[in-house]
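Nothing in this text is a laboratory measurement; each read-out follows from the coordinates by a stated rule. Predicted model, so just to flag it, every value in this text is computed and none were measured. Using ideal geometry, Cβ is built from the backbone for each residue, glycine included, and neighbour counts are taken over all protein chains shown.
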Amino acid sequence: MTQFLIISPVLVPLAFALITALLYKKPQLVSKVSLAGGFALLGTSLLLLSRVVSDGVQRTSFGNWQAPFGIEFVVDPLSASMATITAIMGVSALLFQMSSADPAPEGPTLHPLLHALLAGVGGAFVTGDLFNLYVWFEVMLLSSLGLLAVGMARRHMDATLKYFTLNALGTLLFLAGIAGVYGMTGHVNYESLSVASLLVEPMRLLPAVALVCAAFLIKSGSFPVFAWLPAAYHTLPAPILALFAGLLTKVGVYAVLRMMGDVFVVTPPVAYEALGWIAVATMVTGVLGAAYHWDMRRILSFHIISQIGYMLLGIALNSDQGTIGTTFYILHHIIVKANLFLIAAIVFSLAGNYDLRKIGGLWRVRPWLSALFLIPALSLVGIPPLSGFWAKFILVRESLVQDHTIWAVAALLVGFLTLYSMIKIWMQAFWSDHPDDDWTPPKGLKLGPAWVVTIGLAAITVAIGLMPEPLYRFAQEAARVMGGGL
Amino acid sequence: MSWIVALAIGSIIAAGIYLALSRSALRVVIGISLVGSAANLLLFASGRIGQGVAPVIPAGQTELVDATNPLPQALVLTAIVIGFALTCFSLVLALTVKQKTGDSDVDEMRDAEPPWDEKGQPAFIDDEDRGEPLK
């Protein structure tokens with residue numbers, strides 16, 4: 001049973017990708033089966049999480065070939081929490097797809113690609129082997145390319161090509177980095193690598209590790225290679241966009257965290273210093289880009305980049321508190337970012353457009369939606385008592401403790417600019433009047449599943465904000481297991 | 001001996017990136033595919049270049065002597081197959097781009113991010129057409 005649970009983050013979505021692909025002649029059945037698959041993944045992920053919390057790190061090797069010769073799946077608390085949040089995101093996207101708020105066009109390839117994406121993400125989180133990580137990255141890349149192109153309109157093709165170029169180059173850089181790492185240490189298994197890397201001189205190993213991390217930085221959308229993110233994300237339909245925004249960049253951050261925080265702990269401090277400055281640049285450029293735009297999806301896409309900077313800052317701090325901060329931030333941010341995109345989709349379905357200059361007046365007709373928007377928006381900014389406050393607090397405090405005053409000041413100033421963006425969306429979409437005087441929201445919208453998802457995610461945000469202790473203790477345990485190293 | 005391989009890998013990556021920066025979508029795709037070949041060569045080279053016997057223990061002996069390392073070759077095989085799938089998809093993508101927009105000049109493609117208007121304000125994104133999936 002445990003072995004099945006360990007491979008379930010990959011096996012369950014792959015199985016449902018196959019099932020939904022075979023059911024292509026029955027479209028009404030496909031979405032229900034797909035949603036059932038999402039719930040199945042959620043169930044197995046929660047079981048895996050509870051198993052890891054009670055029994056410690058779980059591992060299994062494929063074909064009974066033991067490490068370092070075989071491929072291992074190693075599930076420690078961080079991986080288990082990531083797999084669980086992947087499942088939560090999968091369920092949210094599939095449930096939101098059933099509403100009429102900007103759904104993806106249902107074709108025979110949509111649900112198989114969605115599940116293949118969840119399989120790739122799940123595999124990347126639970127694998128214990130560097131080359132296997134490359135394979136899951138490629139699964140994710142191809143599935144996301146397919147999902148970007150699903151609409152087949154001109155802007156979709158444009159976005160897919162731009163996304164493809166930089167991301168494919170990124171995974172090829174990763175491959176080159178693996179070549180360097182394997183050439184120098186002779187291993188690709190995480191545990192064997194962390195032992196073997198002690199035998200290589202740190203500065204000699206640094207270029208290979210840096211190449212691997214550079215590939216992950218491209219994948220996570222950090223400065224200066226984030227241009228593919230605002231070029232492609234806003235052409236996606238809302239449920240897929242929420243899935244992408246929540247998961248894909250965080251896989252890159254997770255991989256950097258795993259490399260620099262766990263596997264290659266002997267990396268010289270200059271690498272962490274460089275990562276910290278990259279993080280600051282990412283934060284600042286992301287939020288400045290968001291301040292320029294008026295399309296809600298583009299604003300929020302730039303905010304993804306900005307928040308990635310915070311997560312990279314936690315890794316750059318190279319301490320237990322930094323790792324706790326990054327873990328807390330990843331978990332909080334996935335929920336908040338997906339929620340923001342989904343609420344923007346609801347606004348789109350009610351007001352008719354994503355562009356803030358063309359909409360307004362939602363406060364009067366939907367006051368509860370306006371209040372609902374404020375929960376993830378203020379959480380993103382970092383206002384207590386929401387989850388973002390605790391995440392930012394841990395990171396800023398650790399930066400000040402480590403005498404990186406500029407980083408802490410940058411983090412706080414970017415918070416102010418994030419507030420500007422959120423208030424801009426609030427004022428334009430909700431508070432001010434609609435430019436068209438006799439506009440009323442359209443009738444006959446099927447928004448039930450949309451409300452369920454957004455209110456559920458907002459409830460998680462409020463719960464984490466009011467009771468951060470359990471998540472903090474979990475992140476602490478995750479950091480301890482990782483820092484324990486070998 | 002290995003410096004020849006290093007030089008080859010370097011020039012292939014240079015050629016690939018030069019092509020990936022060009023204006024035609026097809027050249028971009030070919031460029032990325034070249035970079036993939038170079039990465040595969042690098043992975044192969046990490047298994048050490050030189051003479052060696054096949055990694056099969058001869059009959060009557062108990063250990064391998066002077067064998068080549070099979071693991072990087074397995075990694076390269078995997079990477080070649082994955083790269084092949086990626087190249088297939090990207091070729092169809094470049095072809096579809098050419099069919100939809102008439103020409104494949106990537107600099108002229110501004111459908112996803114339209115240029116700003118004369119006052120420097122961001123353009124309105126035209127997404128009335130929600131898209132029709134392939135059936």
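Whole-percent P(r), the range B:1-55, all Cα pairs, 5 Å bins from 0: 5, 21, 23, 17, 13, 10, 6, 4, 1, 0. A compact globular protein would have a Cα radius of gyration near 2.2 N^0.38 Å; the ratio found for the range A:388-471 is 1.59.
Volume of the convex hull of the range A:14-97 (Cα atoms only), normalised per residue: 97 Å³.
Under the Kirkwood approximation for Rh and a Cα-based Rg, what ratio Rg/Rh is obtained for the range B:58-103? Before the final figure, lay out each step's value.
Numbers: Rg = 21.0 Å, Rh = 14.2 Å.
Dividing the radius of gyration by the Kirkwood radius yields 1.48.
Stokes-Einstein diffusion for the range A:1-140, with the hydrodynamic radius set to the Kirkwood value over Cα pairs and evaluated at 37 °C in a medium of 0.692 mPa s, equals 215 µm²/s.
Rg/Rh for the range B:4-130 stands at 1.23; both radii use Cα atoms, and Rh follows the Kirkwood definition. Here, the range A:424-468 has an Rg and a Dmax of 15.3, 45 Å when only alpha carbons are counted.
In this simple spin-label model, placing a label point 7 Å from the Cα along the Cα-to-Cβ direction at both A:V401 and B:E132 gives a separation of 6.0 nm.
Divide, for the range A:221-299, the radius of gyration over alpha carbons by 2.2 N^0.38 Å, where N is the residue count. Show your work: numbers first, answer last.
On the way: Rg = 14.8 Å, N = 79, 2.2 N^0.38 = 11.6 Å.
Compactness ratio reported: 1.28.
Rg and Dmax, both from the Cα atoms of the protein assembly as shown and both in Å, are 23.9, 92.
How much mean residue ellipticity at 222 nm does the protein assembly as shown get from its helices, if each DSSP H run of length 4 or more adds -39500 (n - 2.57) and you divide by all residues, to the nearest 500 deg cm²/dmol?
Working: 22 runs with 429 residues, N = 621.
Here the helix-only value at 222 nm equals -23500 deg cm²/dmol.
Each residue of the range A:347-353 is assigned a 3J(HN,Hα), and the resulting list reads 4, 4, 5, 7, 9, x, 8 Hz, derived from the Karplus form 6.51 cos²θ - 1.76 cosθ + 1.60 (θ = phi - 60°), x at Gly and Pro.
When the inverse distances between all different Cα atoms of the range A:340-416 are averaged and flipped, the Kirkwood radius reads 14.4 angstrom.
Take the Cα of A:A36, step 7 Å along the line toward its Cβ, and report every residue of the range A:10-24 whose backbone nitrogen sits under 17 Å from that point. The answer is A:12-24. Where q = 0.14 Å⁻¹, what log10 of I(q)/I(0) comes from the Debye formula for the range A:120-257, counting one point per Cα? Scattering profile of the range A:120-257, log10 relative to I(0): -0.63.
Using only the alpha carbon atoms of the range A:328-486, find the Kirkwood hydrodynamic radius as the inverse mean reciprocal pair distance, in angstroms to one decimal.
For the range A:328-486, inverting the mean 1/r across all distinct Cα pairs yields 17.2 Å.
Amide H contacts of A:F223: A:T282, each under 5 Å away and 5 or more positions distant or on a separate chain (H built 1.01 Å from N in the peptide plane; Pro and chain starts excluded). Within the straight-line cut-off of under 17 Å between alpha carbons, the aspartates and glutamates reachable from A:K443 are A:D102, sequence neighbours fewer than 8 places apart in one chain being disregarded. Multiplying the residue separation of A:L374 and A:L413 by 0.36 nm and subtracting their alpha-carbon distance yields 12.0 nm.
Round to a whole angstrom and tell me the spacing of the C-alpha centers of the range A:454-486 and the range A:259-323. About 19 Å separates the Cα centre of the range A:454-486 from the one of the range A:259-323.
The distance linking the range A:179-227 with the range A:5-42 is 34 Å (Cα centroid to Cα centroid, whole angstrom). Listed by chain and number, the aspartates and glutamates placed with their C-alpha closer than 16 angstrom to that of A:K25 are A:E106; residues fewer than eight positions away on the same chain are left out. Here A:K162 is the anchor, and the lysines within straight C-alpha reach of less than 17 Å, apart from those fewer than 8 places off in the same chain, are A:K219, B:K98, B:K100. Ranked by how many other Cβ atoms sit within 10 Å of their own Cβ, fewest first, the residues A:F373, B:F84 fall in the order B:F84, A:F373. Normalised size of the range A:82-187, defined as Cα radius of gyration per 2.2 N^0.38 Å with N residues, equals 1.24.
By the Cα gyration tensor, the range A:141-205 has an equivalent ellipsoid whose semi-axes, rounded to whole angstrom, run 38, 11, 7 from largest to smallest. A cut-off of 5 Å between modelled amide H atoms, ignoring neighbours fewer than 5 places along the same chain, links B:A67 with B:V53. The range A:81-114 and the range B:30-73 have Cα centres lying 42 Å from one another. Less than 5 angstrom separates the built amide H of A:N189 from those of A:L130, all sequence-distant by 5 or more or on a different chain.
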